[in-house]
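To start, the structure itself, in structure tokens.
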Amino acid sequence: EIEGDTDDVERLRELSIMNRARILVEEGELAKSMDVYQNISRSSPLFDDALYEIIWSYVREAAKTNDRKERGARFDKALRALEILLLAVDSGEIRPEAKLLFGNILVRLKRYEGAESTFEAIAKEYDPLRVKVLELSKDVDLRKYFEQVRGENDFIEQIVPPEALHW
């Protein structure tokens, strides 16, 4: 057996797990979906996505219940999982979304001071990038920009700050 084949089989297995769990979420089987997500290894490149989707399952469960205590418990589980995710992920698309979700859950739990400090930290972290992107619109004819973007991918790399390219 060739090593690449083993990697491909493992990748296919993990993608199947993710899709099965997502189907269960769509069917409203949140508890079952969380059990399925647990089959993704911590060393997998899909682990962060699986954990983030588990967090959203906690949020969905919290939204479904009318029991205030149960809702709080589900949101607390989501916060604990978010803390783990934020420690594990230092960049990428999930990190800013996870931070926003963290702040929004704190709002739902009426922990307003924590939510405010979370949102202030997010604003402080991403404000330099926002300023760079806003500066772009001053020097760029937006119509020409979008025409070029539609036709040339290299143009994007010339205009967009490197920190924003992955978005």
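The values are calculated or read from the model by the stated rules, or taken from the named source; none is laboratory data. Note that the structure is a prediction, hence the values are computed from the model and not measured. Every residue, glycine among them, receives a Cβ derived from its backbone with ideal geometry; neighbour counts consider all protein chains shown. Heads up: the accessible areas ignore ligands, DNA and RNA and are worked out on the full protein's heavy atoms, side chains in. Shrake-Rupley method; radii C 1.70, N 1.55, O 1.52, S 1.80 Å.
Is it the case that some residue within region 54-67 is charged (D, E, K, R), touching a helix residue (DSSP H, G or I) at 6+ places or on another chain (Cβ under 7 Å) and under 23 Å from GLU27 (Cα atoms)?
Within region 54-67 (the criterion being charged (D, E, K, R), touching a helix residue (DSSP H, G or I) at 6+ places or on another chain (Cβ under 7 Å) and under 23 Å from GLU27 (Cα atoms)), the answer is yes, since at least one residue qualifies.
Name, by its number, the condition in (1) touching a Lys or Arg at 6+ places or on another chain (Cβ under 9 Å); (2) acidic (Asp, Glu); (3) modelled with pLDDT of 95 or more that does not hold for GLU125.
(3)
Scan region 49-68 for residues that are over 14 Å from ARG108 (Cβ atoms), in a helix (DSSP H, G or I) and open to solvent by 20 Å² or more (accessible area, probe 1.4 Å) and report the count.
Counting residues in region 49-68 that are over 14 Å from ARG108 (Cβ atoms), in a helix (DSSP H, G or I) and open to solvent by 20 Å² or more (accessible area, probe 1.4 Å) gives 4.
Tally time: how many residues in region 109-119 are within 19 Å of the chain's Cα centre (by Cα) and open to solvent by 60 Å² or more (accessible area, probe 1.4 Å)?
Matching residues across region 109-119 total 1.
Among the candidates ILE122, ILE105, single out the residue that is in contact (Cβ under 8 Å) with a residue 40 or more places away in the chain, closer than 24 Å to ASP48 by Cβ, surrounded by 13 or more Cβ atoms within 10 Å (Cβ to Cβ) and out of contact with any Cys (no Cβ under 6 Å at 6 or more places or on another chain).
ILE105
What single numbered condition from (1) under 30 Å from GLU125 (Cβ atoms); (2) surrounded by 14 or more Cβ atoms within 10 Å (Cβ to Cβ) fails to hold for LEU87?
LEU87 satisfies all of (1) under 30 Å from GLU125 (Cβ atoms); (2) surrounded by 14 or more Cβ atoms within 10 Å (Cβ to Cβ) except (2).
If we scan region 14-22, do we find a residue that is hydrophobic (A, V, I, L, M, F, W, C), closer than 19 Å to LEU86 by Cβ and assigned to a helix (DSSP H, G or I)?
No, every residue in region 14-22 fails to be hydrophobic (A, V, I, L, M, F, W, C), closer than 19 Å to LEU86 by Cβ and assigned to a helix (DSSP H, G or I).
Out of (1) out of contact with any Lys or Arg (no Cβ under 6 Å at 6 or more places or on another chain); (2) more than 30 Å from LYS124 (Cβ to Cβ); (3) in a helix (DSSP H, G or I); (4) open to solvent by less than 20 Å² (accessible area, probe 1.4 Å), the odd one out for SER44 is which?
(3)
Give the residues of region 95-145 that are over 22 Å from ALA63 (Cα atoms) and not in a helix (DSSP H, G or I), sorted by residue number.
VAL140, ASP141
Each row is one residue, and each column tells you yes or no for (1) at pLDDT 90 or above; (2) under 19 Å from GLU97 (Cβ atoms).
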| residue | (1), (2) |
| --- | --- |
| ILE2 | no, no |
| ASP5 | no, no |
| LEU30 | no, no |
| ILE40 | yes, yes |
| LEU46 | yes, yes |
| TYR52 | yes, yes |
| TRP56 | yes, yes |
| ARG60 | yes, yes |
| ALA73 | yes, no |
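If a residue must be open to solvent by 70 Å² or more (accessible area, probe 1.4 Å) and under 26 Å from LYS64 (Cα atoms), how many such residues does region 1-41 contain?
Going through region 1-41 one residue at a time, the tally reaches 11.
Looking at ARG74, ARG80, ARG130 in this structure, which one is open to solvent by 60 Å² or more (accessible area, probe 1.4 Å), under 25 Å from LEU46 (Cβ atoms) and not hydrophobic (A, V, I, L, M, F, W, C)?
None of the others qualify; the one that does is ARG80.
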